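The values are calculated or read from the model by the stated rules, or taken from the named source; none is laboratory data. These numbers were taken from a predicted model, which means no experiment stands behind them. Every residue, glycine as well, gets a Cβ built from its backbone with ideal geometry; the counts of neighbours run over all protein chains shown.
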Amino acid sequence: MEFIRICKITALLLFLLAGLGACDDALDKLPLDAPSDETFYTNETELEMAVTGAYRSLYWVSDVPFPVLLDNTTDLGFLRSDFSSMQTFSRGAHSPAEPGFSDVWEKMYTGIGRCNNLLNNMEKAREVVSDDTYRRIEAEALFLRAYYYSWLLQLYGDVPFMEEVPAAIEDAYIPKTPRTEIVQRLLEDLDKVAEILPENWGDSDEGRATKGAALTLKARIALYDGLFGEAAEAAFQVMNSGTYKLHPDYGELFTYAGVRVEEVIFDLPFQLGFMTTRLPLQLGPRNTGSWSQIVPSQFMVDSYECADGNPIDRSSLYDPAQPFENRDPRLDASLVRPQSVFAGYVFETHPDSTETTYFKDGVATRVANQDVRNAFATFTGYLWRKYAAPEDMPQNAHTSGLSFILMRYAEVLLIYAEAKTELGQADATVLDAVNQVRARAYGVDVGDTGNYPAVTTTNQDELRTIIRRERKVELANEGFRLTDIRRWKIAEHVMPGIFAGRPRGAYSNMTFVPEIDRYGHPNYNGSQDLYRSVDQRIFNPGRDYLWPIPQKDMDVNPALEQNPGY
């Protein structure tokens with residue numbers, strides 16, 4: 001692909017660009033620093049290279065998509081090692097000095113700096129670049145800047161906002177800008193971007209931002225900030241465009257067969273020889289040589305409805321001795337659970353199952369079960385199936401080329417449904433949006449209500465509960481949960497306490513059914529000893545609804561003020 005080719009060329013030049021205009025080594029520590037040079041940005045090739053360099057900051061962590069790490073600091077999952085300080089955060093033991101917080105801050109501001117440098121300097125090429133190309137590159141830079149700022153707002157709240165590259169180190173000493181002001185500017189920029197970017201790119205430029213991506217980002221930012229009218233309108237524009245539709249196979253979305261299907265709006269491309277991910281190594285089973293480091297919780301398993309559309313504590317279909325029967329198909333599409341087959345192995349995590357079955361070329365063989373025998377096998381007893389890419393195991397688990405979806409159409413439908421519900425405007429369009437997502441999970445058309453549990457209520461409280469559960473299960477392991485539980489102000493109810501894994505004994509001996517509480521969270525009501533105790537989570541509501549401003553940036557910029565509680 002031409003876009004990938006340009007990315008490769010740009011990667012070779014980023015080290016040069018990063019050094020241009022640096023007047024002081026200390027400036028490199030500031031979040032608002034960006035490369036600048038009087039002789040660059042003077043022709044179309046240089047503008048293309050600069051905007052491609054801005055895309056490169058999408059790779060937060062070089063080998064693991066950062067949204068996955070975020071989801072597994074919540075009730076959804078567990079990180080067995082301290083990737084980017086995320087395990088420390090989930091345990092409530094974090095401080096402003098944690099390197100992970102600084103890394104995220106720095107990488108987002110590096111992307112913002114690249115965008116600002118381009119936007120501030122591209123006028124030099126105005127006379128030699130066509131108007132269409134000039135406006136398109138400007139729009140891409142504005143989109144990416146809004147994307148990076150959106151993550152800073154989600155994680156840190158108020159942050160310094162700058163649209164200019166600081167000419168001197170003193171110019172970067174600015175205080176935080178109120179989040180509401182930043183949001184309004186980002187929404188204005190995205191309106192402009194949506195008027196310029198195309199609905200689709202040709203094959204050689206796939207991967208660039210589109211009009212749909214700009215509107216989706218606008219809808220996401222507006223939703224997160226309670227601007228429900230703007231969120232619903234932007235989402236509806238995407239829905240009304242006719243450009244996207246749900247992929248018929250939910251599980252396939254997160255495999256090589258799902259790369260850039262009709263549901264994908266914006267993704268993080270990986271390709272052998274360009275940029276690869278070791279996500280399959282982190283997610284996969286020990287039987288394939290992977291590490292089982294990022295794993296789902298029992299809370300996640302118990303959050304999937306039964307096939308009648310009811311939570312497990314209210315469904316006559318639920319049998320705790322056979323807990324995976326009659327469940328929402330997204331459970332098996334998203335997770336590897338005991339007695340399912342993954343990468344040729346029967347996955348089993350009961351301590352007595354020291355052997356398991358391996359299928360190859362139609363032949364079943366009994367083999368040593370490393371998912372029990374290995375001391376670092378999954379601590380929860382489950383694995384994520386999403387993005388685990390069994391095709392890459394074992395040889396390419398650390399160099400996978402499977403792209404990671406950053407925006408997809410199902411999110412748009414759920415944004416629209418939530419925003420309209422919060423506005424008190426639940427109607428047939430809202431039910432249709434939610435039911436499209438639910439019907440696809442069962443592999444049927446939205447009108448085939450006899451074969452999936454369609455939502456029919458328009459009661460605001462009931463719909464709110466349903467939509468929040470839909471976001472939890474539909475978007476699991478995709479990076480949305482931390483922001484969701486924060487903006488809904490339920491993190492203090494779903495995060496603290498013992499982090500539960502699978503039952504300690506055989507499922508066949510289970511009779512206990514957890515209560516699904518008002519926050520959609522499984523409550524084990526004093527029966528937690530029945531389950532593996534994986535971790536102890538702490539969430540301080542006076543502090544943890546925001547990350548701390550990194551201490552090293554507080555030390556450099558005297559105008560910064562620390563977030564509450566740190």
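Quick check on my filter: what residues within segment 311-343 are in contact with a strand residue (DSSP E or B) (Cβ under 6 Å, 6 or more places away or on another chain) and of a type in the set (S, T, N, Q)?
Once the filter is applied, which keeps residues that are in contact with a strand residue (DSSP E or B) (Cβ under 6 Å, 6 or more places away or on another chain) and of a type in the set (S, T, N, Q), segment 311-343 yields Ser315, Asn326.
Among the numbered criteria (1) among the acidic types (Asp, Glu); (2) under 23 Å from Glu561 (Cα atoms); (3) in a helix (DSSP H, G or I); (4) touching a residue at least 24 places away in the same chain (Cβ under 8 Å), which one does Glu140 miss?
Looking at each condition in turn, Glu140 falls short on (2).
Restricting attention to segment 426-463, report how many residues are closer than 16 Å to Met239 by Cβ, free of Cβ contacts under 8 Å to residues at least 24 places away in the same chain and in a loop (DSSP other than H, G, I, E, B).
Here the count works out to 1.
In this structure, does Phe101 turn out to be farther than 18 Å from Asp225 by Cβ, touching a Phe, Trp or Tyr at 6+ places or on another chain (Cβ under 6 Å) and at pLDDT below 95? Explain how you work it out, then say what you get.
Values: farther than 18 Å from Asp225 by Cβ: yes; touching a Phe, Trp or Tyr at 6+ places or on another chain (Cβ under 6 Å): yes; at pLDDT below 95: yes.
Against the criterion (farther than 18 Å from Asp225 by Cβ, touching a Phe, Trp or Tyr at 6+ places or on another chain (Cβ under 6 Å) and at pLDDT below 95), Phe101 qualifies.
Hey, can you tell me all the residues within segment 526-566 that are within 23 Å of Phe379 (Cα to Cα), out of contact with any strand residue (DSSP E or B) (no Cβ under 8 Å at 6 or more places or on another chain) and surrounded by fewer than 16 Cβ atoms within 10 Å (Cβ to Cβ)?
Just the residues of segment 526-566 that are within 23 Å of Phe379 (Cα to Cα), to begin with: 526-539.
Those still in the list that are out of contact with any strand residue (DSSP E or B) (no Cβ under 8 Å at 6 or more places or on another chain) too: 526-527, 529, 538-539.
Within segment 526-566, Gly526, Ser527, Asp529, Ile538 qualify.
Select from segment 378-425 the residues that are closer than 28 Å to Met275 by Cα, among the basic types (Lys, Arg) and outside any loop (DSSP other than H, G, I, E, B) and list them in ascending order.
Hit for segment 378-425 is Arg408, nothing else.
What are the residues in segment 73-101 that are assigned to a helix (DSSP H, G or I) and either under 19 Å from the mean Cα position of the chain (by Cα) or in the same structural domain as Ala377 (by TED's automatic domain parsing) (or both), if any? Spell out the reasoning first.
Going through segment 73-101, the residues assigned to a helix (DSSP H, G or I) turn out to be 83-90, 99-101.
Listed by number, the residues that qualify are Phe83, Ser84, Ser85, Met86, Gln87, Phe89, Ser90, Gly100, Phe101.
Under 6 Å by Cβ, and 6 or more places apart or on different chains, what pairs join a residue from segment 293-312 that is on the phi > 0 side of the Ramachandran plot with one that is of a type outside the set (D, E, K, R) and surrounded by fewer than 24 Cβ atoms within 10 Å (Cβ to Cβ)?
Taking only residues 6 or more apart or on different chains, the pairs are Gly309/Pro453.
Return the total of residues in segment 435-489 being over 16 Å from the mean Cα position of the chain (by Cα) and hydrophobic (A, V, I, L, M, F, W, C).
The total comes to 11.
Any idea which of (1) surrounded by 15 or more Cβ atoms within 10 Å (Cβ to Cβ); (2) in contact (Cβ under 8 Å) with a residue 24 or more places away in the chain; (3) in contact with a strand residue (DSSP E or B) (Cβ under 7 Å, 6 or more places away or on another chain) is the one Asn523 doesn't satisfy?
(2) is the only condition that Asn523 fails.
Mind listing whichever residues of segment 214-247 are crowded, with 23+ Cβ neighbours inside 10 Å and among the β-branched types (Val, Ile, Thr)?
Once the filter is applied, which keeps residues that are crowded, with 23+ Cβ neighbours inside 10 Å and among the β-branched types (Val, Ile, Thr), segment 214-247 yields Thr216, Ile221, Val238.
Looking at (1) crowded, with 21+ Cβ neighbours inside 10 Å; (2) among the polar types (S, T, N, Q); (3) within 30 Å of Phe83 (Cα to Cα), which is the only condition Gln271 fails?
Failed condition: (1).
Within segment 275-289, can you find the residues that are under 18 Å from the mean Cα position of the chain (by Cα) and among the charged types (D, E, K, R)?
Scanning segment 275-289 gives a single hit, Arg278.
Look at Glu462 and say whether it is under 17 Å from Ser303 (Cα atoms) and touching a strand residue (DSSP E or B) at 6+ places or on another chain (Cβ under 8 Å).
Numbers: under 17 Å from Ser303 (Cα atoms): yes; touching a strand residue (DSSP E or B) at 6+ places or on another chain (Cβ under 8 Å): no.
No.
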